[in-house]
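Below is one structure, written out as structure tokens; comments come after it.
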Amino acid sequence: MLKKVIFAAALLVAGQAGASTILMEDFSGGTNGWTVTGANSGIVDFGPAAPGDPALLTEDADNDTIEVYFGNGWSGDLSGYDGGVLSLDFIHGPSLQTSLIGSFGRITVSGAGDSFKADIYSGAPSFQWQTASLGFSAADFGASDADWANVIANVDTIQIRLESWGGNTEVVGLDNVHLAAVPLPASALLLLAGLGMLTVLRRRQSATA
């Protein structure tokens, strides 16, 4: 009986081990709470290059910095994603300016009265769709483990800077934003499940002895 119970628990946990938790936004349902400052914005279909694939388009409208604030589901307790990977797709339209701004692609995670920044992309963006990724961890954001844990347990906002060139001529598209947690290996989860069930059953046997 003991072996059967442990085996059943192991199968259940192993099934959960194969799936990682993912936060994602592909803008197929509209803006979904995402907001933009320093630019005009809207959801557009990128046409022949990606028919039926909507994306968030930002068009520089003034001399303010373009910032995109992540929308629904991207605040509160994100501790479960610690050590995971943040990734996104972007495209950049031609600009008449030649003054490159190095903070393009800077991610800021804010919460609990503190904030940490890291660059998900460096250099000049091209005019083709690109994918960029960044570790979602204290080390990647230059924070202590304790401070990072406090921030991601109480996230107010996550934002990305899309201002890349001086002036007000640029157009930037953003799509397929993902934050993926790193699941425990199936072997580790099986071991935890087995040890947990052994402890419970041994206590029950001791109580009835």
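The values are calculated or read from the model by the stated rules, or taken from the named source; none is laboratory data. Note that the coordinates shown come from a computational prediction; the quantities given were computed from them, not determined experimentally. Here Cβ is always computed from backbone atoms with ideal geometry, including for glycine, and neighbour counts include all displayed protein chains. Accessible surface is based on the protein model in full, side chains and every heavy atom, while ligands, DNA and RNA are left aside. Shrake-Rupley method; radii C 1.70, N 1.55, O 1.52, S 1.80 Å.
Within the set Ile66, Ile101, the sole residue that is modelled with pLDDT under 95, surrounded by fewer than 20 Cβ atoms within 10 Å (Cβ to Cβ) and at negative phi turns out to be Ile101.
Would you check if Gly142 is more than 19 Å from Val68 (Cβ to Cβ) and either touching a Cys at 6+ places or on another chain (Cβ under 7 Å) or touching a residue at least 12 places away in the same chain (Cβ under 8 Å) (or both)? Steps first, answer last, please.
Details: more than 19 Å from Val68 (Cβ to Cβ): yes; either touching a Cys at 6+ places or on another chain (Cβ under 7 Å) or touching a residue at least 12 places away in the same chain (Cβ under 8 Å) (or both): yes.
Yes; evaluated as a whole, the condition is true for this residue.
Can you name the residue in the stretch 119-135 that is open to solvent by 30 Å² or more (accessible area, probe 1.4 Å) and outside any strand (DSSP E or B) and, of all such residues, is modelled with the highest pLDDT? If we take residues in the stretch 119-135 being open to solvent by 30 Å² or more (accessible area, probe 1.4 Å) and outside any strand (DSSP E or B), then Tyr121 is modelled with the highest pLDDT. Can you find a residue in the stretch 107-118 that is in contact with a Lys or Arg (Cβ under 6 Å, 6 or more places away or on another chain) and either modelled with pLDDT of 95 or more or among the aliphatic types (A, V, I, L, M) (or both)? Scanning the stretch 107-118, I find at least one residue that is in contact with a Lys or Arg (Cβ under 6 Å, 6 or more places away or on another chain) and either modelled with pLDDT of 95 or more or among the aliphatic types (A, V, I, L, M) (or both), so the answer is yes.
With respect to (1) modelled with pLDDT of 90 or more; (2) outside any helix (DSSP H, G or I), the lone exception for Trp148 is condition (2).
Residues to consider are Ser20, Ser75, Ser41; find the one that is at pLDDT 65 or above and closer than 25 Å to Ala149 by Cβ. It would help to see each step written out before you state the result.
Numbers: Ser20 fails: at pLDDT 65 or above; Ser41 fails: closer than 25 Å to Ala149 by Cβ.
Being at pLDDT 65 or above and closer than 25 Å to Ala149 by Cβ holds for just one of Ser20, Ser75, Ser41, which is Ser75.
Residues in the stretch 136-164 that are closer than 25 Å to Ile101 by Cα and surrounded by 20 or more Cβ atoms within 10 Å (Cβ to Cβ): Phe136, Phe141, Ala143, Ile158, Gln159, Ile160, Arg161, Leu162, Glu163, Ser164.
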